[in-house]
Each structure stands twice: as structure tokens, then as C-alpha cells.
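Right, one structure below, let's go through it.
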Amino acid sequence: MARFLGLRGSKLSMATIILIVGPAYFTFGYNLAVAGGLLTLESFVKQFPQMDTINTTGAQNKLNSNIQGAVSALFTVGGFLGALSTIPLGDLLGRRRIIFFGSALVVIGAVLMSSSYSLAQLIVARLVQGCGTGAITATVPVWQSELSGSAHRGSHVVTEGLFIAAGIAASQWIDLGFFFIGSSSVSWRVPLIIQVPLPILVMIFVFYMPESPRWLLLKNHLKEAREILCILRDEDENSSAIQREIAEVETSLEMIGSVSRWDVFKMGEKRNFHRLMLGIGGQSFSQLCGVNSITFYATIIFQQRLKLDAIKARLLGGGMTTIQIVGALAAVLTIDRLGRRPLMLMSSAGMCITMVIITGTTSTTNNQAALIVAVVCFFIYNMSYTFGFLGLTFLYSTEVAPPHLRAKISGFSNCMTWLMNFVVVEVTPTGFDNIQYRYYIIWAVINFFIFTTVFFLYPETNGRTLEEMDEVFMLSNNIFDSRKIAMSLSKRETFDHESITEKVTAQQVDQASK
């Protein structure tokens with residue numbers, strides 16, 4: 001068989017999206033939401049009475065609510081551990097091997113979960129599946145961004161958000177379909193196993209796709225890296241574009257000297273720690289905005305909080321998550337035109353405003369008009385979220401990272417995604433029980449904080465090579481400078497270590513004279 005299925009250029013990029021990114025992130029989105037729609041099924045609560053919040057009251061209901069939150073959140077604990085594992089293993093094994101092993105764990109977790117007859121087995125299954133998913137989400141954005149050229153990197157990588165949204169929506173509609181089966185355990189076992197063909201597809205095709213040229217250069221495989229770049233860019237080996245890209249990556253790698261495992265926590269010439277915190281902050285915001293307090297518990301919110309019947313609750317849950325696809329598609333179409341910052345700012349503003357309105361409209365369950373407004377705001381909130389924070393933050397953490405620390409920074413950033421996800425999913429049942437509609441006030445305040453932080457601290461990365469971002473940070477003296485420099489620095493300037501050093505030295509001399 002021809003190498004990379006005989007594909008080159010844009011066709012090969014499209015193949016990586018269809019065969020690897022799409023199935024991997026569709027499965028991720030599916031697993032984020034599928035369990036939430038099963039928690040109120042008669043057959044599920046009968047099998048796991050420790051998680052029954054439908055037929056219990058008082059202290060027992062509170063205990064079961066805590067257990068329900070903990071078991072649901074164990075998926076995110078596994079995700080944290082999986083993402084953490086990529087920090088030492090990402091540069092050791094390479095991108096494709098991590099994706100393969102992560103997909104295998106997702107399959108094992110799905111099989112264990114769908115065959116569970118005890119709470120202990122369900123817990124183990126959630127952890128295993130989370131580990132696999134965490135490894136994938138920490139690796140695929142790095143791999144994809146390192147394969148993509150700067151002109152289309154945003155739209156390529158942010159398709160991850162589109163597939164996540166599609167997976168979340170599919171889980172809600174599948175849950176609804178199997179709800180009509182009734183009291184049989186098939187109503188929850190099949191939705192948990194039906195995802196398995198997708199990670200298997202990833203395992204089959206991942207080694208037919210190219211390895212990251214930057215990882216190959218890091219491992220001194222210059223010939224193979226050059227060959228892959230020629231295929232990816234559909235250029236001749238001796239073309240100036242290929243020579244320049246190879247030179248930029250090699251220059252950035254030569255600048256690092258001997259890399260310590262602690263370099264990511266040091267500021268240094270490239271402001272490594274600053275860039276780590278930007279990546280961690282962005283991916284933490286993708287969860288601290290409160291989205292999974294809604295996605296995980298969509299059915300419960302509509303059924304128990306807004307007092308709708310089971311079918312209406314599931315229909316609205318499916319519709320609410322389907323609208324996420326619209327926001328994700330809008331991000332794919334606009335991210336390389338508008339840039340990263342505008343999408344994050346518009347998204348956080350929309351989430352803040354809708355959470356304020358939801359707080360007021362859900363304070364009563366007797367006003368039909370208010371409940372209609374609340375439902376509409378839930379839909380708008382979900383669309384706003386996917387527009388700026390679903391796939392974009394995975395991309396952003398790889399774009400701000402220096403080349404030699406990209407895998408590590410992506411790993412740490414993804415760890416925070418899962419950790420914040422765990423916090424949100426864990427506290428949500430208790431939050432609703434204790435402060436009810438006031439719980440949404442917390443998310444309104446946090447989203448305002450997110451908007452302010454992005455506005456003042458986050459530099460634009462749109463249209464720049466991954467190496468060119470080094471220059472932006474090397475010219476920065478504090479956390480506020482990078483945003484201003486990214487706005488003023490011409491994108492036509494080439495990456496040249498000597499010129500950067502001269503600029504940094506001149507800047508330091510100028511500051512000393514002042």
C-alpha cells in the first residue's frame with residue numbers, strides 16, 4: 001500500500017481529520033454526556049441504587065446525589081491521569097503511539113462499563129475510559145497542529161470542537177431513543193457500548209497517517225521529517241517553503257540546548273512558565289465556565305429542576321446539545337478570519353449574560369414564560385460555549401507553547417481541563433441541592449472573570465507559525481506585553497534567532513537606561 005494511503009497535501013490533512021480526529025473527538029464528546037442521560041432510567045437506578053436520586057428523599061437523596069456526582073466525575077479523574085501520563089511519554093513514544101494506546105483504553109472502558117453489574121465495576125470502567133480519553137485529548141491537538149500549516153491550522157484543529165459537539169448531541173438522541181425500551185437494561189447498556197467502533201477505527205488507521213515532523217526533528221530523524229513535510233505541503237523537497245520550515249524548526253530546537261524536565265516551570269528567555277499558565281488558564285476556562293454543570297446533567301436539569309416530564313426533558317437535552325454543533329461550525333468557519341481572541345471574548349460574554357438571565361428565570365417554576373426564556377438561554381449558552389471554548393482552547397495551548405515543550409505544556413493544560421471538569425461535575429448535584437437557582441450566579445461571575453482575563457492577558461496567535469510565537473514572548477517583559485507585541489509585530493517577519501536576540505538585548509539596554 002502507498003505511504004499515507006497515497007494521499008498528499010490537503011487530501012492527507014482531510015484524511016487525518018476524518019479517520020483520526022473525527023472519531024477520537026466524537027467519542028470524547030459522546031462519553032462526556034452519555035452517562036447523564038442514563039442516570040434517571042428505571043433500569044439504571046435499579047442496577048445501581050446507590051445513585052438513585054429519583055425515588056429517594058431527605059438524607060438518603062443527599063447521599064445518593066453525592067455518590068452520583070462522584071461516579072460521574074470519575075471519568076474526569078481518569079482523564080486527568082491520562083493527560084498527566086503524556087507529559088513524560090509524549091516526547092518519548094511519539095504522537096501516534098499515544099493516540100493508539102489511548103484509543104485502546106477507551107474501548108476497554110466502554111466494554112467494562114456496558115457490562116457492569118456492580119458499582120465497583122462501573123467505577124473502574126469510568127476511570128479506565130477517562131485515562132484513554134485524557135491521553136487522546138492531550139496528544140491529538142499537538143499532533144494536528146504540528147501537521148498543519150499556519151494558514152489553516154486554526155480551522156483544522158478547531159474541528160475537534162465540532163466533533164465533540166456532534167458526539168454530545170448524538171449521545172442525547174441515542175439516550176432518548178433507548179429510553180422507550182422501558183425497564184430492560186438494554187436501555188443503558190447499548191448506549192454505553194455503541195461507541196466502540198470509532199476508537200477501533202482510530203487504532204486501525206493512526207499508523208497509516210504521518211508522524212509529527214517536529215517530533216521527528218526532535219529525535220534527529222531529519223530525512224523522514226523532510227519527506228513528511230513535502231507530502232503534507234505537497235511541495236518539492238528542494239522548495240524554499242520546505243527549506244524555510246525545516247530551518248525554523250531546527251533553529252528553535254537548537255536554541256533550547258539541554259532540556260530539563262523542570263524547564264516548563266522556569267521563565268527563561270522564552271518565558272516558558274508564562275506560556276504554560278496561558279495554556280493552563282485557557283483550558284481551565286473551558287470547564288470553569290460551567291458548561292458541564294449543564295451538559296452532564298441536562299436531563300436532570302429539565303426533569304427535576306424545571307419540572308418537565310421525562311420525554312420533554314430528553315428532547316430538550318438533545319436539542320440543547322445539538323445547537324452546540326452550530327456554534328462549533330461557526331468557529332471552524334471564522335477562526336482563521338477573526339482570530340482566537342475575538343472568539344473567546346464573544347463566547348465568554350455570551351455565557352456570562354445568559355447565566356445572569358437563567359438565574360432570574362429559574363428562580364420560579366410557576367411562571368411558564370420565565371421557563372421558556374430559561375430554556376432559550378440554555379440553548380444560547382451552549383452555542384456561545386462551542387463558538388469560543390470547546391475546540392479552541394486545545395488549539396491555543398499548543399500555539400503558545402515553545403516547540404521543545406509543546407507536548408509537556410499540552411499535557412499540563414489538559415490535566416487542568418480534566419481537573420476543573422471533575423470539580424464542576426462533582427459539585428453540581430450538591431450545588432443544585434443546596435442553593436438551587438443561585439448556583440448559576442457562580443458561573444455568571446466566573447465568565448465575567450474569563451472575559452476580563454482573556455482581554456488583558458491573551459495574545460493573538462492567528463496566522464503565525466508555531467516558531468514565530470517564540471519571538472512574541474522573547475520580546476515580552478511581563479504578562480501584559482505579549483498581547484501588545486502580538487498586535488504590533490508584523491507577521492511577515494521571519495523567525496531569526498540572531499535578530500530576536502538583538503531586539504531583546506536592545507530592549508533590555510533601553511529599560512536599564514530608563
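Each Lys and Arg Cβ is given +1 and each Asp and Glu Cβ -1; about its Cα centre, the chain then shows a dipole of about 960 debye. Give me the distance between the Cα centres of region 151-214 and region 14-42, rounded to whole Å. For region 151-214 versus region 14-42, the Cα centre distance is 3 Å. In straight-distance terms, cross-link reach from Lys484 covers every one of the lysines whose alpha-carbon lies under 22 Å from its own, apart from those fewer than eight places away in the same chain; here that gives Lys270, Lys503, Lys514.
Modelled spin labels at Ala330 and Lys484, positioned 7 Å past Cα toward Cβ, are 3.3 nm from each other. For region 3-468, a Kirkwood hydrodynamic radius built from all Cα pairs, placed in the Stokes-Einstein relation at 25 °C and 0.890 mPa s, yields a translational diffusion coefficient of 110 µm²/s. In percent, rounded to a whole number, the relative contact order of the chain is 22, using alpha-carbon pairs under 8 Å and six or more apart. Charge tally for Phe455 (other residues, Cβ to Cβ under 10 Å; Lys, Arg +1; Asp, Glu -1): +2. Apply the membrane-span-like helix rule to the chain: whole DSSP H runs, Cα extent along the own long axis of at least 15 Å, mean Kyte-Doolittle hydropathy at least 0.5. List the helices found. Correct list, ordered by number: 58-93, 95-114, 119-147, 159-179, 310-338, 340-361, 368-388, 439-457.
List the longest stretch of the chain that has no exposed loop site; here a site is one of the chymotrypsin sites (Phe, Trp or Tyr not before Pro) assigned by DSSP to anything other than H, G, I, E or B, with at most 13 other Cβ within 10 Å. Result, exposed sites excluded: 263-479.
In the chain, the calculated helix contribution to ellipticity at 222 nm averages -23500 deg cm²/dmol per residue, counting -39,500 (n - 2.57) for every DSSP H run with n ≥ 4.
By the count of other C-beta atoms within 10 Å, a proxy for reagent exposure, Ile280, Ile54 are ordered fewest to most as Ile54, Ile280.
A short reminder: the numbers here are calculations on the coordinates, not readings from a lab. Being a predicted model, the structure only gives us computed values, none of them experimental. When we count neighbours, we look across all protein chains shown, and the Cβ atoms used for this are built from the backbone with ideal geometry, even at glycine.
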